[in-house]
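The values are calculated or read from the model by the stated rules, or taken from the named source; none is laboratory data. Please read all numbers here as calculations on a predicted model, not as lab measurements. Every residue, glycine as well, gets a Cβ built from its backbone with ideal geometry; the counts of neighbours run over all protein chains shown.
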Amino acid sequence: MISLFRNRAYARLFSAQVLALVGTGLLTVALGLLAYDLAGDRAGLVLGTAYTLKMVAYVGLSPVAQALIHHLPRKAVLIGADLIRAAVALCLPFLTELWQVYALIFVLQIASATFTPAYQALLPDVLPEERDYTRALSLSRLAYDLENLLSPALAGLLLLVLSYHWLFLGTMLGFVGSALLIGATAVPALQAGRAPQPFRERLSRGLRIYLATPRLRGMLALNLTAASVGAFVLVNTVVLVRGSYGGSAADLAIAMAAFGAGSMAAALMLPRLLDHLTDRRVMMVGAQALAAVGLLTGGLLWIKGPPDWSVLLAIWALIGCLYAMVLTPSGRLLRRSAHAADRPTLFAAQFALSHACWLVCYPLAGWAGATFGQPAALVILALLGLIGVIVARHVWPAALSDAPVHDHPDLAPDHPHLREHGGAGQHHHILLIDDHHRRWPTRAGGPNLDNPAGL
């Protein structure tokens, strides 16, 4: 993976991502302390509302943002989103009313919902070789996990000598640093690929490509599996640690670190694994095992009560590893499922739909835990994850061909697409949903180029 940093453009973009993540981590801590200052014992309600606004922005506005900015230079979009986030962070410590906090947090999340899919869609153009891109996805996974571990520790050190208001300044500096690095990067221009389209088509195009592509429908179902068990860990670990084990805040940090360590171990392992196995096999094995571990752990908690502390940490590390196995290859599937010009809107669709899974699973985890207890909550969420696996196996079968036999009765015999593939009539080629292929052919046929072994 270190060899990737010989690519200056990627090295700067990755550094920008790391700085932005550090800023986001400091913001999470500072926002919790600001909420307590403004609302006291109602701080949890304030944070819950803020995170709900985040999900609304991610799910509802990411595709809209990509449709609106499609004609703008990608570097300008990324820098602009970073500067908006920096400006919001700088304003937050001066607010005195909750509605002001909600309004600015919503603006910040709109900027994030613009930045993240645009950044993700840029990487395949910076790293055109799939092997390099796979390693970049693993590095991104590592960056997210390290941020979860290190940002709270950094915030804690800063709070020893500074008031929490200064954390917002650290957040602003992180976003400004990200903007400066992106400004110094040679960003490839987005390929035009087709004539300008009306806003309605631009808005729906990514979602249409996504839902018409079987492997992406399967990926969405597996995202639901990851979100279901992952939501239990993120929402209810604190209840298990403090309630069932009588642990301290430090014990909670250790449990979450175990989950993050498992995810990082998978991120380090996956590039070599994906050199030999298909994305589908890795993701499906990870999802099936994730649902199974969730069910077994829920049953263990229900029948025997909490296991030994070391056993819980091992289970959390295993869940983190399986979670990363499901999510990390997603970028590879998106990259090979659309033309370059369609990638930004497709990544925006993935961003929105994957967060919709979390929007379902987060409240379900909290409600089920409070209503039925933690063992039952984990079983319920693992069953939801199992449903995701079953759906994925149905909509993304192992024998699915990437080059199905199809024809184009609507095209003239001398159309350039038909001439390119041998004339009128049936033909096959690597198929992407686009203006000439608006649906995935249902007829079997053609070589299975993505999955020749049927794995």
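Quick one: what pairs do we get from region 1-22, first residue assigned to a helix (DSSP H, G or I), second at pLDDT below 90 and basic (K, R), C-beta under 8 Å, 6+ apart or different chains? Cβ pairs passing all conditions: L4/R135. The residues listed here are Y323, Y245; of these, the one that is of a type in the set (F, W, Y), outside the structural domain of F115 (by TED's automatic domain parsing) and surrounded by fewer than 17 Cβ atoms within 10 Å (Cβ to Cβ) is Y245.
Here's the yes/no breakdown for (1) within 22 Å of the chain's Cα centre (by Cα); (2) polar (S, T, N, Q); (3) within 30 Å of S204 (Cβ to Cβ):
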| position | (1), (2), (3) |
| --- | --- |
| D37 | no, no, no |
| Y51 | yes, no, yes |
| V56 | yes, no, yes |
| Q66 | yes, yes, yes |
| R74 | yes, no, yes |
| L78 | yes, no, yes |
| D82 | yes, no, yes |
| A87 | no, no, no |
| C91 | no, no, no |
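In the set (1) modelled with pLDDT of 80 or more; (2) surrounded by 15 or more Cβ atoms within 10 Å (Cβ to Cβ); (3) within 30 Å of N7 (Cα to Cα), the condition left unmet by A184 is number (2).
Take region 38-72 and flag every residue that is β-branched (V, I, T), over 19 Å from V235 (Cα atoms) and at pLDDT 80 or above.
Filtering region 38-72 for residues β-branched (V, I, T) gives 46, 49, 52, 56, 59, 64, 69.
Narrowing the set further to residues that are over 19 Å from V235 (Cα atoms) leaves 59, 64, 69.
Selection gives V59, V64.
Take the residues in region 335-358 that are surrounded by fewer than 19 Cβ atoms within 10 Å (Cβ to Cβ) and of a type in the set (A, V, I, L, M), then tell me which one is modelled with the highest pLDDT.
Quick first cut of region 335-358, residues surrounded by fewer than 19 Cβ atoms within 10 Å (Cβ to Cβ) only: 336, 339-341, 356.
Pick out the ones that are also of a type in the set (A, V, I, L, M) and you get 340-341, 356.
Details: A340: 80, A341: 78, A356: 91.
Result: A356.
Pick from region 287-298 the residues that are touching a helix residue (DSSP H, G or I) at 6+ places or on another chain (Cβ under 7 Å) and surrounded by fewer than 23 Cβ atoms within 10 Å (Cβ to Cβ): which of them is nearest to L216 (Cα to Cα)? Among those that are touching a helix residue (DSSP H, G or I) at 6+ places or on another chain (Cβ under 7 Å) and surrounded by fewer than 23 Cβ atoms within 10 Å (Cβ to Cβ), it is Q288.
If you filter region 106-123 down to residues that are crowded, with 23+ Cβ neighbours inside 10 Å and among the β-branched types (V, I, T), you find that the one that is nearest to the chain's Cα centre (by Cα) is T114. In region 98-132, of all residues being of a type in the set (D, E, K, R) and in contact (Cβ under 8 Å) with a residue 24 or more places away in the chain, the one that is nearest to A39 (Cα to Cα) corresponds to D125. Does at least one position in region 377-396 carry a residue that is touching a Leu at 6+ places or on another chain (Cβ under 6 Å) and at pLDDT below 90? Looking for residues that are touching a Leu at 6+ places or on another chain (Cβ under 6 Å) and at pLDDT below 90, one finds none in region 377-396, hence no. The condition (being assigned to a helix (DSSP H, G or I), buried (at least 20 other Cβ atoms within 10 Å of the Cβ) and hydrophobic (A, V, I, L, M, F, W, C)) is satisfied by just one residue among L33, L26: L26.
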